Each structure stands twice: as structure tokens, then as C-alpha cells.
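What follows is a single structure, written as C-alpha cells, with notes after it.
Since every read-out is calculated from the coordinates, none of them should be taken as a lab result. This one's a predicted model, so the numbers in the text were calculated from it and none came from an experiment. Every residue, glycine as well, gets a Cβ built from its backbone with ideal geometry; the counts of neighbours run over all protein chains shown.
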Amino acid sequence: MSQYHSVTVEIVAALKDIVGDKHVWTDPERMEPYSHDEVTGEKYIKIPEVVVFPKTAEEIAAIVRLANRELIPVVPRGAGTGYACSAVAFQGGIVLTTERMDQILEIDEQNLIMVAEPGVRTSEVQKAAGAKDYLYPGDPSSGDSSFIGGNVATNAGGNKAIKYGTTRQQVAGVEIVTPEGEIVTLGGKLKKDSTGYCLTQLIIGSEGTLGIVTKVYLRLVPRPKHVMDLLAIFPSMDSAIRIVPKIIKSGINPVCVEFMDNRSIRSCEAFLNEKLPHSDKGHYIIVSIEGNEETALEEQCVLVDDICSADGALEVVIADPVKIWRARKSFGEASRARSRIFSAEDIVVPMSEIGQVVDKVAELSRKHDVFIHCVAHAADGNVHADILKEDMDIGKWNELLPRIQEEIYQFVYALGGKLSGEHGIGYKRLQLMEKFAHPVELKMMRAVKKALDPNNIMNPGKVVKVD
Ligand SMILES: Cc1cc2nc3c(=O)[nH]c(=O)nc-3n(C[C@H](O)[C@H](O)[C@H](O)COP(=O)(O)OP(=O)(O)OC[C@H]3O[C@@H](n4cnc5c(N)ncnc54)[C@H](O)[C@@H]3O)c2cc1C
């Protein structure tokens, strides 16, 4: 029996008192979009009992205090673009969306900090920074849809992490509502802070299990004047991957080094209905470099060209940035277009081991006769391997997928890798987390969760199992 109570008409009335009648939804049809994220498959869908749309941290605090008193789960939600099934209310309760908290509150040019509410879209953060000649370097491929609060909660990575780091490095502070309904600011506009434990970093990547982010302090950097994207096309996966450490060691400081295997190129080509270069047999490495001096950038491009050509590249070209990034960023949609049900793996290994991982994935694809294609934030050691069900019988899929995952992660952990580089654990990877994370690490995570959320109401059943 569930330890939680259901959402009653009295609770709905109390929620309406807090946020106003029209900001509380209980109609199942209307709530359908809040029943899933981007993870596909029937077992990853659950219609919430109620969806609430608060406008302020004070309203959220009141909701959380009510939920604590009545033992009702609260599931924070951003744009629902997650790949870990962590914004879905599997144990019932309240889905709390930050959609109405969509304001950029301040751009502090003295301290190079933007203060934003959690429901601002990532692309809006980027645009607002750009309008003042700054760069917000967080750049997940889902940035046109995802919210900045969701990026913080998942420690989103994306395409510029090799130079600028993941969301962890972009965030100087957060205001949160704690699982017991208190409001507190952790960090802030400070450049450095050794004042006790770094609770800001504990919240980042906690997937809504340790509190609800209600304000974010984001670091900005001066915007580089020029960016160039190079596309190097290789005849084999191995030759493409081998080039990555050579580019990094050359002294160039690229913004990103991305990999697309031939299968993913063809899938994106078919999805976009747009011819991509050498799609018959090429494997891509996309290198972006940026700076203020055009001639210095050109010299770096020549260096990349020399390195790639010496290692057997079929062609190295200055890429049309719109076209090449549209192709790279369409990977997830291309998977879905080929197969409504698929599993997006988010493997991370030390950069030096990435070649072994893509080889292993290709081997498993052949062994189990299942379509798997890969892209990678290659210089981060982060491989996205999408395993597609296509027309496989659902029973066989449900039996085969865990076996493939088991084989992948046994291999990945032996290489010093982990389950997720940027998508998080959520509900989807909970069993794998129990199996592969170190028991002491799990014990520490449980202790943190229990200390901060004694009633286990904040996004329960995600990240780590708690008794
Ligand atoms: C096509 C596509 C491409 C993608 N590319 C990338 C990529 O390049 N890099 C990457 O890292 N990810 C990527 N993702 C995954 C996803 O977009 C990110 O995880 C993103 O950060 C989720 O943001 P969201 O607003 O959609 O959050 P949601 O999916 O709504 O929620 C994700 C998690 O955050 C929690 N949460 C949301 N808001 C808050 C809040 N205010 N306070 C506390 N917890 C909160 C939720 O409870 C949940 O646990 C991609 C997804 C898609 C569909």
C-alpha cells in the first residue's frame, strides 16, 4: 500500500486557494501532456492527480507545506523534455509546473550574472544574453523547448560543455523551496564561496528530489565575435573517433567536438528530407571554434584541417552552421520518426575510451539484430546511443532492452564510465542505478535525501531508492 494520500476535493480546493482556480487542473484530458516526458513506452506514462501552475516562490512554499502535512508527493516540472522520466508523477500527487515563472529578472553587467525564473526557456536566456553582447554558454540541443530550471535540475550538458562545462559551471546560485516548504537562496552573485558545504551544487542535478528551484543566478561571459564550424568526414567510425584527442591536444580550445556515426547521419537525413554530405559512408566530426580575431580562427581551422587530413579524412569543410547543427540537433526526433519506442542511452566514459564504447555498441547492434545509432559529445566522452524498437514485438523488446543495457553498462563501468552524462537518472534508470552505482555512494545519496526530505514527498521514486 502506498505511503501517500490521494489528492481529495479538499486538497484541490486548498490548492486553488493558493494559486487561484484557473491555475489548478484536474481534467485528465487536459493533463495528458503532463503525463510523460520524452521517454517513450506505455510504462513511462501516468496521468497526474492534479497539475498546479504557481507564479511565485511563496505559492510554491505554501503548496509544499500543504503536501508535507497531507503526505502527498510533489513532482516539479519544467518543459517536459527530459530523457529520464523524472517529471512524471508515478506515485500520484501534484505535478507542479513552473510555466508561469517565465521572467528574466535582472542582467547584472557589473557582476556578469543573469537572474532568471525557472520557467524561462533556455533559448530565451541565450537570446537575452546575446542582446547585451554576452554569451550564456549552456546549450542543450533541446534549448528551444527546455526551461532553465529543468537544465539546472538535470545539470544539462549540451554542445559547448568541453569549453564551458555543464550547467553546474554556469550557475552561481539558486533560490529554492526546500522539501519542507522553506525558501532559501544558496550561493548568489559570488565568484567564490568557501562558506561551508556547497549546497548550490547539491541542488544542481538533483532532478527535483531535494527542492524546487525558483530563481537561478546564471554566469555570463563576453560573447566571442566570431564562430566557425568545421565538418570533417571520415571513412570509418574508428578514424573519426581517433581524431578527437588529437584535436584537443593540439592546443586549440574548441567550443565543441561532436561525433555522428553513419547511421545517425542517414537517420537525420531521412528525417529532415535533406541531403547531407557523404551520407553514403561518412562519419562526422563537427568542430566549433570561436574567438575575437578572424585570422587566428582561420589559422586554427587550417590546423584542424591538417590534423584530420593527415589521419585520413575524406573531406574537411567549413560547414554551413544552420545546416550542420539542424542535422546534429535533430537526432532525437530522427530516432522517434524511425521508431515511436526507443531507448536513449546517455553513456559517459573518460574521453580516451569513447572509441571502445561506440565499437561495443555497434557489436551489440549486430549481435542482437537491433538498430542502434550514435551521436556523441565526443570531447566530453558522452555517447548518446539510441536503441530503436522499430517493428520488434513488444514482448521481445521488453526482454531484450534490459539485456542490452546490462551488457553496455558492464562494459562502461569497467572503463570507469557511468550511466548518465547529462540526462540524469530519473525513474527510467533507477534499477540500473541500484545495480551499478557504488553502494557507499548510494548510501550517501539516501542519507542526503532523508535529511532534506524526511517525508519523502519531493519527487519520490527518482534518482535513488529510499525506504
Ligand atoms: C531533442 C532533445 C535533445 C536534448 N538534448 C540535450 C542535450 O544536448 N543536453 C542535455 O543535457 N539534455 C538534452 N536533452 C534532455 C532535456 O532536454 C534536458 O534534460 C533538460 O534539461 C530538461 O529540461 P526541462 O525543462 O524539459 O525539464 P523537465 O523534463 O520538465 O524536468 C526534468 C527534471 O527536472 C526537474 N525540474 C524541472 N524544473 C525544476 C525546478 N524548477 N526545480 C526543481 N526541479 C525541476 C523535474 O522534476 C525533472 O526531474 C534533450 C532532450 C530532447 C528531447
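Pairs, please: C-beta under 6 Å, at least 6 apart or cross-chain, first residue without any contact (Cβ under 8 Å) to a residue 24 or more places away in the chain and in segment 105-124, second within 14 Å of the ligand (Cβ to nearest atom) and assigned to a loop (DSSP other than H, G, I, E, B)?
Matching pairs, first to second residue: Ser123/Gly143; Ser123/Asp144.
Please list, ordered by first then second residue, the pairs with beta carbon atoms under 9 Å, 6 or more apart or interchain, first in segment 304-316 and surrounded by 14 or more Cβ atoms within 10 Å (Cβ to Cβ), second among the charged types (D, E, K, R) and assigned to a loop (DSSP other than H, G, I, E, B).
Here the result reads Leu314/Lys281, each pair linking segment 304-316 to a residue that is among the charged types (D, E, K, R) and assigned to a loop (DSSP other than H, G, I, E, B).
For segment 373-411, which residues satisfy the criterion of being within 20 Å of the chain's Cα centre (by Cα) and closer than 16 Å to Arg263 by Cα?
His373, Cys374, Val375, Ala376, Val383, His384, Ala385, Asp386, Ile387, Leu388
For segment 21-40, enumerate the residues that are part of a loop (DSSP other than H, G, I, E, B) and under 29 Å from Gly395 (Cβ atoms).
Ser35, His36, Asp37, Glu38, Val39, Thr40 - these are the residues of segment 21-40 that are part of a loop (DSSP other than H, G, I, E, B) and under 29 Å from Gly395 (Cβ atoms).
What pairs come up if the first residue lies in segment 53-73 and is of a type in the set (D, E, K, R), the second is not in a helix (DSSP H, G or I), and their beta carbons are under 8 Å apart, counting only those six or more places apart or on different chains?
What qualifies is Lys55/Arg100; Lys55/Met101; Glu58/Ile183; Arg65/Glu180; Arg65/Gly181; Glu70/His5.
Mind telling me which of the residues Glu290, Glu258, Glu274 ends up being crowded, with 24+ Cβ neighbours inside 10 Å and either assigned to a loop (DSSP other than H, G, I, E, B) or acidic (Asp, Glu) (or both)?
The match here is Glu258.
Do we find a residue being within 30 Å of Arg65 (Cα to Cα) and more than 16 Å from the ligand (Cβ to nearest atom) anywhere in segment 392-404?
Residues of segment 392-404 that are within 30 Å of Arg65 (Cα to Cα), as a first pass: none.
Looking through segment 392-404, none of the residues is within 30 Å of Arg65 (Cα to Cα) and more than 16 Å from the ligand (Cβ to nearest atom).
Could you pull out every one of the strands (runs of 3 or more DSSP E) wholly within segment 41-112 that has 3 or more residues that are more than 9 Å from the ligand (Cβ to nearest atom)?
In segment 41-112, 50-52, 104-108 are the strands (runs of 3 or more DSSP E) which contain 3 or more residues that are more than 9 Å from the ligand (Cβ to nearest atom).
Within segment 110-137, how many residues turn out to be of a type in the set (D, E, K, R) and out of contact with any strand residue (DSSP E or B) (no Cβ under 8 Å at 6 or more places or on another chain)?
So the answer is 1.
Any residue in segment 25-37 that is of a type in the set (A, V, I, L, M, F, W, C) and farther than 20 Å from Phe147 by Cα? It would help to see each step written out before you state the result.
So the first thing to find is which residues in segment 25-37 are of a type in the set (A, V, I, L, M, F, W, C), and the list is 25, 31.
Those still in the list that are farther than 20 Å from Phe147 by Cα too: 25.
Yes, the conditions are met somewhere in segment 25-37.
How many of the residues making up segment 12-36 are touching a residue at least 60 places away in the same chain (Cβ under 8 Å) and over 21 Å from Gly181 (Cα atoms)? Break it down stepwise before answering.
Filtering segment 12-36 down to residues touching a residue at least 60 places away in the same chain (Cβ under 8 Å) leaves 15, 23, 31, 34.
Then drop every residue that is not over 21 Å from Gly181 (Cα atoms), which leaves 31, 34.
Number of matching residues: 2.
For Ile104, all conditions in the list (1) within 25 Å of Asp37 (Cβ to Cβ); (2) of a type in the set (Val, Ile, Thr); (3) crowded, with 19+ Cβ neighbours inside 10 Å hold save one; what is the number of the exception?
With (1) within 25 Å of Asp37 (Cβ to Cβ); (2) of a type in the set (Val, Ile, Thr); (3) crowded, with 19+ Cβ neighbours inside 10 Å applied to Ile104, the lone miss is (3).
Mind checking which residues of segment 396-446 are β-branched (Val, Ile, Thr), surrounded by 17 or more Cβ atoms within 10 Å (Cβ to Cβ) and assigned to a helix (DSSP H, G or I)?
Of everything in segment 396-446, those that are β-branched (Val, Ile, Thr), surrounded by 17 or more Cβ atoms within 10 Å (Cβ to Cβ) and assigned to a helix (DSSP H, G or I) turn out to be Ile404, Ile408, Val412.
If you scan segment 343-385, which residues turn out to be outside any helix (DSSP H, G or I) and hydrophobic (A, V, I, L, M, F, W, C)? First the steps, then the outcome.
First pass over segment 343-385, keeping only residues outside any helix (DSSP H, G or I): 343-350, 369-377, 381-385.
Hits for segment 343-385 are Ala344, Ile347, Val348, Val349, Val370, Phe371, Ile372, Cys374, Val375, Ala376, Val383, Ala385.
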